[in-house]
1. Per the helix-only calculation at 222 nm, which mean residue ellipticity applies to the chain, given -39500 (n - 2.57) for every DSSP H run of n ≥ 4 and division by its residues, nearest 500 deg cm²/dmol?
2. Looking at the range 15-256 only, what percent of DSSP beta bridges run antiparallel? Nearest 5 please.
3. Between residue 371 and residue 48, 0.36 nm times their residue separation minus their Cα-Cα distance comes to what?
4. At a threshold of 8 angstrom on Cα-Cα distance, excluding pairs fewer than six apart, so keeping six or more, what relative contact order does the range 187-296 reach in percent?
5. Between residue 359 and residue 102, take the C-beta separation as r, use R0 = 30 Å, and let me know the FRET efficiency to the nearest 0.05.
6. Based on the mean of other Cβ atoms within 10 Å per residue, sort peptides 286-297, 157-168 so the most packed one is first.
7. What is the log10 of I(q)/I(0) for the range 209-260, computed with the Debye formula using one identical point scatterer on each Cα and no solvent, at q = 0.20, 0.29 Å⁻¹?
8. So for the range 15-256, averaging the separation of alpha carbon pairs under 8 Å that are six or more residues apart and normalising by length, what relative contact order in percent results?
């Protein structure tokens with residue numbers, strides 16, 4: 001049986017979560033907006049429990065949680081939702097990094113086409129955002145800084161503490177795409193200087209199609225976001241549409257379970273990652289990125305093409321060579337290009353990602369497959 005090692009692309013739904021989602025789909029299936037009967041009241045209660053469960057992971061208030069379809073939508077609301085306010089006050093400068101997910105880079109590029117000015121921060125060869133470049137790039141008209149927490153390809157943990165320090169005396173809103181870290185590796189996300197956090201359910205053992213945007217207040221003032229589409233007024237008018245109560249409840253429960261297990265899982269995946277590195281050291285493997293989350297390992301083996309390796313390893317392990325969202329494009333990784341790697345290293349790059357329930361990795365089979373490619 002193929003061992004699944006692509007947890008950065010998506011995770012399995014926890015059994016307890018699946019059971020809850022099923023129950024709310026087949027037994028307690030009311031609309032959370034229906035307040036005239038017990039079915040609706042029950043659904044509303046389930047949503048509010050989930051709101052508190054999601055918020056608890058970063059010490060947010062449950063009223064700061066907006067449910068979305070996933071991190072991509074959350075990123076779009078966080079970025080495009082500031083457009084109206086930015087144009088009104090005449091602050092149209094955005095700072096982001098060259099290694100962000102396309103779900104951040106593309107809405108920012110859209111605003112750039114509409115006349116916004118954008119600074120794309122350099123990154124070090126280790127995959128970290130250059131905070132000196134950030135410091136030098138801040139302007140009076142900077143409205144938004146968008147920096148991810150953990151890179152989805154390399155697993156590099158970004159220096160959020162330093163970013164928050166640099167923004168301590170600045171009014172720019174700070175948005176963090178936490179799709180790869182929320183719940184599993186949340187360290188630093190509790191900083192109150194982070195205004196907006198994007199969450200993806202299917203990266204933390206919840207179903208696909210559900211996520212959240214955390215909209216922290218500054219004092220008593222919420223971020224000045226405007227809706228990017230309309231109809232219904234749900235989620236404080238910011239994200240209209242009937243709430244997907246089963247998925248929302250599933251996300252909430254997943255957040256609670258992940259929080260309870262995170263220390264155990266971090267220890268488990270750290271050991272898996274260490275053993276995997278030992279196995280590939282035989283081939284002179286180059287580790288891409290440093291100071292990485294234990295959940296992600298990105299490496300290159302000189303002389304081994306990643307596409308050929310992935311084909312060779314089919315039936316043994318399920319892995320990838322980059323972001324699942326752009327894997328069909330076969331273009332060089334913009335993350336590794338930004339880190340200054342040469343073409344050969346980029347073409348050899350493979351991403352392995354672990355989960356809390358990953359067991360029995362067939363190291364001997366893996367190394368035999370690599371030997372056959374050299």
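We did not get these values from a lab; they are worked out from the coordinates using the rules stated. Keep in mind that this is a model prediction, so the values were computed, not measured. Neighbour counts are summed over all protein chains in view; Cβ atoms, including those assigned to glycine, are modelled from backbone coordinates with ideal geometry.
1. When only DSSP H runs of four or more count, the value is -11500 deg cm²/dmol.
2. Restricted to the range 15-256, the bridges split so that about 45 percent are antiparallel.
3. Full extension from residue 371 to residue 48 adds 110.9 nm.
4. 18
5. 0.40
6. Answer by packing, highest mean first, reads 286-297, 157-168.
7. Each listed q maps to, in turn, -0.87, -1.10.
8. Across the range 15-256, relative contact order equals 28 percent.
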